[in-house]
Each structure stands twice: as C-alpha cells, then as structure tokens.
Amino acid sequence: MLACRPLLVIWALLTSSVRSQSWRPCTDLRPVDLLSRALPRPGQATPTQVQMVQSRGSRGIRLTGTVPTALSFTASQIFTNCDYFPSEFSLVATMKIQRLRKKTNQYIFSVMKEGSESLVLGLRVSEDRLHLLTAPPGGGGWRRIGFKNVRLDDNRWHTVVLAVTGPYATLTIDCGPPVEIKQVQTFPSTLSTRESRFIIGSRGHWRGRFSGLLRQLVLLPGSDASPRLCPNSEPSLAELSVPQVLKTSPLQPDQQGSVYPYEAEARVTAGDRPPCSGPEKGQLWFNFRKKGLFICDGMTWRTLMQDKERLDYVEDYQDLYTRSETLGVELFSIRSEGLFMAAANRYQNQNQNQNPSTSGLKKLKVFNLHGNSFVCSYRDSRPGSAIYKWINGSFQLFQNISTQEAQAWKYFTIDNKVFLVVADMQKAEPELSTIYRWNRRQKRFLRYQTLETHSARDWEAFQIHNNSFLVVANHMRAKDSNHNIHSVIYRWNPDTKLFEVNQTLSTSGAYDWEFFTIGPYHFLVVANTFNGQNTTISSTIYVWLDGCFRSFQNITTVGATDWETFQIDGRFFLAVANSQQFSRKSQSLYNINSTVYELNMFTQTFLRFQDIPTHSALDWEFFTIGDEKFLVVANSYDGSSYSVNSFVYRWQGYEGFVPVHSLPTFGCRDWEHFTTEQGSFLIYSSATSRLSKVFRLR
C-alpha cells in the first residue's frame, strides 16, 4: 500500500495538470491585431506589394504585385498555449471596397495549411454577402456562416464586427443594428491551426485576392467587440486596433523604421458644385468656370489653387420686358434641363400703345433647373406669371403659369422631385396659393396642390432631420384688413405626398421668412412689416427645439421686408432690409438705415454690427466673386422718385461693408445672383416698371 501511494500522488498531479491546461485559452484574451502582425518587423524590408493609400481622409493598405502571401505570418505566433482556434470570438475589419462583379469572392484574410491549398478558416466578401468559412475537424466540405444582403462594395469605409459564440453569429456594420443568425451546428471547438499560416488579403493565390483597402483587422478571442466600438462618432471608422503606420505621416518612417509606397486615392469631380460632407472628405473638385481646384474637408470646399477673381465693373447685359410689374424672381436649375428663372408678376391691363419702358412690372424670381435658367413673368393679357429659360446666353420665355397678383416664387426639391410654390394675393375668399411640380415627360410645371393663405408675400422651404417643410408669410387677412394674424408652417407627409399644417406662428404684416442653420441648431426669422399702427415693431428669430419652433430673439425693425443670412470666415450674419418708418401720427420716412447683425457666441444673440443708409430697401442679396464677398441692396424709393440707385457693397473686414458700385435702378424690388458659362450675373426686378435688367459682373 505504501508503494502504491507515490504512484497515486503522481497520477493526481498529472490529472490536475491536464485539467488545468484544458481550460486555458490557446491565446491571450486581448485583441490580436492581425494586420500589424503581418506588416514587416523592425529591420525587415518593406514589401513592394504593400501600398498605403489615403482615401476619403483615412489610410488603408492595398495589395499589389504578384506575391499573394506578401502579408502573412504563422499561426503559432498567436496560438502559444495550444493549436486550436477559439470557439468564441469576434473579428473586426475596417475596409473600403469598390463595386464587385457578380459571383466574385474576395478573401479579407484566410488561415491556410502550410505548403498546401487546404483552407482552415477564411473571411470573404462578395457583391452582397459576407461569409466565414471553416474546415470541419473531421474533414468533409466547408462549413459556412453567411450573411445575405450585405452591401460593402460601395466605395466607402465600413467597420464590420462578426461575433461567433456556439451556434450563434452576429454581424454589426458601422455600429448599426446587429443581425443575428443561428446555425445548425456550433462553431468547432477543436479547429486546429497547427502548421498553418494567416494570410491577409487572399487565400494563398491571386484568385480571390482582396482588391480593396484594409485599415483594420483584429481578432478578439472570447467576446463580442461591438460594445468596445459602439456607439462611435465615426462608426464607419471605429477603431479597436489600427496599425500605427496608418496613423503616422506616410512620408515619415513608422516606429519600425519602414517607409511604405504611398498614394492618395482622390476622385476629381468637374462641373457644378458637388456635395461636400464626411463621405466626400479628401475628394477634389475642379471648377472650369473659376479655373480652380478645391478639396473637401468634410464640411466645405477649400481652395487649393484658383485664378484670382475680383469685381472690377458692372455692365448692362439684357433688358427683359414683361406685361406687368414683377415682384420677385427665383433662379434654379433642373438636372439635364438647365437654368431657369421664375418671375412673380402682378398683372395690370396695359394700353397696347403704351411705351414699354413706362409700363408696370414688379418682381422677378430666377432659378436653375438641372442646368437650365428660368424667369417667371407675364407675357400676354391673361393674368399670370412666366418662366424663362437661359438659352444661348440670355433669358427666353419658356412657360406661362396662371397666377393672381403673384408676390414671390420658391423652388425646392423632395426626393429628387422638383417643385415651385407661388405666393398669390387673391381678392376672392378663400385665398389660395399653389404648388407646381415639374413633369419630366412634358417638361412643364403642372399644378400639384393648393394651400389657403392670406395676402401671402413669401414662401421659404427647408429640411430638418430629413423632414421637408414650407412656411408662408401671411401679410394680412383681407376681409378685416388685420395684419396681426398667423403665418403657417407646413410639413410634407411622405404617405399622402402632400403638405399638411404643422405649426402656426403669430406675425404682424409678415413679408419674408429666412431659414438658416448654425451648428446643430435650426432657425427661422420673420420680417414683420406692419402691426396696423406703425412699422417700428419686433421681428422674431425662432429656434427649432423639441420638434417645433420657439421664440429665440426679438429684433426691432422698421418696416422689415427681407432678411439675408450669410457667413464670412466662420462668422454668422443677418441683414435686414428696412423699407419705411410709418405711424398713423406721423409722415412716412423712406431714407432710413438697414442693419447687419452678427451672432455673438458669448451672449448667444445677434447684435448690431453695421448700419447702412438705404432708400426704402426691399431686398438684400449676398454673393461672392473669387475670395471677395458682396452685398447688393434693392433701393426702391427715396420719398419723391422711384429712380434711385442701388448699391453693391464689398466686405472689407474690420471696416465692414463698403459701397463700391452704384447701379441705376427704377423701383427696384428684388436682386438675384447667378452664374453660367458666360460669367457671373445679377438680375433685378422692378416693382413699378415692366423692365427688369440683367447685369454682367466683370
């Protein structure tokens, strides 16, 4: 018995040792950066088949050349305690893939048996699927964990987390909602990696080679990596472990002393100004007209090189006669059609023998519709307005639209559909303003929806959180001449495809609405003109909070008819056009100041920045030429004559806006700036003449 005791002790120790080793993981439970391990170590030469590429502001690795195993390492480097691949794990990959052809499979990485083409494990992507392939320990065909309807080949960065535990597999893309599937068989717990090699970007030969950019490839044994990555401010680039070489300057050696072949993947867009947001970061835009090259910084286009432009002088370019006064012009473009201008005309019977230079016209609206320019105005004895198109360097009549004392037009789009809404003043009750929709087949604007308004003066269209809105400036209720009424905000119902009342706001003789955004905040400002007693009243700025607009700030204005918002070097400005000082106890004054306000970030209010002398100002228009910024004012009346010069002001920094050009106008009502292949232009409409004029800026 005593002789047996040492044997029992030895057996117990061996059993204890085997049991202690049975639960030890084959590798540490920390993230394993597979991409960093595959890159050259200190002192090793950088393979010519590995290229670093910057795309959309981030860097990734691309495989080139003829060696499919340029990025590889032995599995024993990470599986130090045993040879088994973990049965519970997650894989994190950040990649950017261009469009893949149908039935094309590309391997993000694979684990291959040394000296053979036997696949142990592989992660591959196709046009609309992501697969994790494994070779079962007992042999036979591959086991496949597959996710369908996965579109990663859109030439954008994506971060993918694939988590596997038992029979369950979960896929999370860009910190979005996870997709979970259950397999018939659990992931093998004895998947041997003995005498195997990790290969990045292929499965050992060029068939199935990964053609995209790879920024991150991490194995996390034992847990799901999603909680470590999400939520994230940049979910498509969420980082668990990115090789240092992809973070340092591409022209400087990394910590290992290696310098990689480097290129910046940039798509150069030519033509009209393209969008610039996060996905376009790092992309280039060449502007033929300005002869300039610009780069997107994720928010705006920054100038790389450009011919310097400046405004030297203004010249007459086109005289545009209509049947009546034009109260407003709206310029817009329609894709594949061109530049358009819609003119809001107030019809008035004219003596056919009357001199066209003295007959009435009020306000024009110019717009561009897919490359075509249009102007809206009257053309015959019927009440209505007209749309003009820019053809061969001038505006030509395109379409007549029936309107009733039209005051203004507004162009907007919803889901790539093109709309125009007119502010009509009808004498009959109820007063209706009409929305028109562009018919691509007929190439005409057709009546779409009518909305009840009250002496409508203006429309503003805007979007907040993918919701489309319209707001009308109701000036007065005709039946009792009450100016203190509600203006209405309408919201687009995507189910009925119609605008519905969303909110009402109290206004006093509302004349104009202006929408603008500062950071994450959305604002509306109304130009209140008259409260029934006088014109020196408050105009209100509203801010969007909790799903509706709430009062933000009141600014005292004097017969306000227009607001113009603009930015200069990160500073936010509002300019108000004051038309007249009037009260029932005194005479009207027309030669008064209009004011530019600037947002003070400390007080979080708009403060007076500059007073500009004007003559019954009805409109401001902000525009740029090259690096120079300008404001042009519509002076309409000086108390004795409608023949009043309007002025162009140039931004002079500390001095504010300084007058640089005087333009002869007659009852000027509205200004619009636009550009074509022929150059840069201003158009103004007259409230007291049939003549509207186009000026070329030289």
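Worth pointing out:
- Accessible carbon and sulfur surface of segment 32-244 relative to its total accessible area, %, 1.4 Å: 45
- Over segment 93-199, all Cα pairs binned in 5 Å intervals from 0 give whole-percent P(r) values of 2, 11, 21, 23, 20, 14, 7, 1, 0, listed from short to long.
- Annotation: peptides 152-161, 95-104, ranked by per-residue average of other Cβ atoms within 10 Å with the highest first, follow the order 152-161, 95-104.
- Cross-link pairs beyond the 23 Å C-alpha cut-off, checked among Lys389/Lys693; Lys113/Lys247; Lys281/Lys417: Lys113/Lys247; Lys281/Lys417
- Translational D in µm²/s for segment 388-464 (Stokes-Einstein at 37 °C, 0.692 mPa s, Kirkwood Rh from C-alpha pairs): 241
- When you work out D = kT/(6 pi eta Rh) for segment 32-244 at 10 °C and 1.306 mPa s, using the Kirkwood radius from C-alpha pairs as Rh and the Stokes-Einstein form, the result is 92 µm²/s.
- Reported to the nearest whole Å, the Cα centre-to-centre distance from segment 492-571 to segment 191-225 is 56.
- In this structure, Thr165 and Asn493 have a Cβ-Cβ separation that, at R0 = 41 Å, corresponds to a calculated FRET efficiency of about 0.40.
- Distance in nm between pseudo-label sites at Tyr321 and Ser538 (7 Å out along the Cβ direction from Cα): 5.0
- Across segment 635-695 the C-alpha pair distances fall into 5 Å bins from zero in the proportions 4, 17, 23, 21, 18, 12, 5, 1, 0 percent.
- Stokes-Einstein diffusion of segment 468-549 at 25 °C, 0.890 mPa s viscosity, Kirkwood radius from Cα pairs, rounded to a whole number: 180 µm²/s.
- Scaled against 2.2 N^0.38 Å for its residue count N, the alpha carbon radius of gyration of segment 267-306 is 1.00.
- The peptide list 238-245, 400-407, put in order of mean Cβ contacts within 10 Å with the highest first, becomes 400-407, 238-245.
- Remark: relative contact order (segment 267-306) = 36 percent; criterion is Cα-Cα distance under 8 angstrom and separation of 6 or more residues.
- Remark: relative contact order (segment 32-244) = 31 percent; criterion is Cα-Cα distance under 8 angstrom and separation of 6 or more residues.
- The stretch between Arg440 and Lys281, if pulled fully straight at 0.36 nm per residue, gains 54.0 nm over its current Cα-Cα span.
- In terms of packing, defined here as the mean over residues of other Cβ atoms within 10 angstrom, the peptides 680-691, 50-61, 602-613 line up highest first as 680-691, 50-61, 602-613.
- Rounded to 5, percent antiparallel among DSSP beta bridges of segment 267-306: 75
- P(r) histogram, all alpha-carbon pairs of segment 144-246 included - 10 Å bins from 0, percent: 12, 38, 40, 9, 0
- Mean Cα-pair separation over length for segment 519-616, i.e. relative contact order, pairs under 8 Å, 6 or more apart, %: 20
- Measure of compaction for segment 523-617 (Cα Rg per 2.2 N^0.38 Å): 1.13
- Overall form of segment 556-698 per C-alpha gyration tensor (a/c, 1.5; a/b vs b/c): oblate
- Evaluated with a Cβ-only charge set (Lys, Arg +1; Asp, Glu -1), segment 552-682 carries a dipole of roughly 560 debye about its Cα centre, given to the nearest 20.
- About its Cα centre, the dipole of segment 267-306 is roughly 160 debye, where the only charges are +1 on Lys and Arg Cβ and -1 on Asp and Glu Cβ.
The values are calculated or read from the model by the stated rules, or taken from the named source; none is laboratory data. From a predicted model like this one, the values you see are computed outputs, not experimental measurements. Ideal geometry is used to build each Cβ from the backbone, glycine not excepted, and the neighbour counts take in all protein chains shown. With ligands, DNA and RNA removed, areas are computed over all heavy atoms of the protein, side chains included. Shrake-Rupley method; radii C 1.70, N 1.55, O 1.52, S 1.80 Å.
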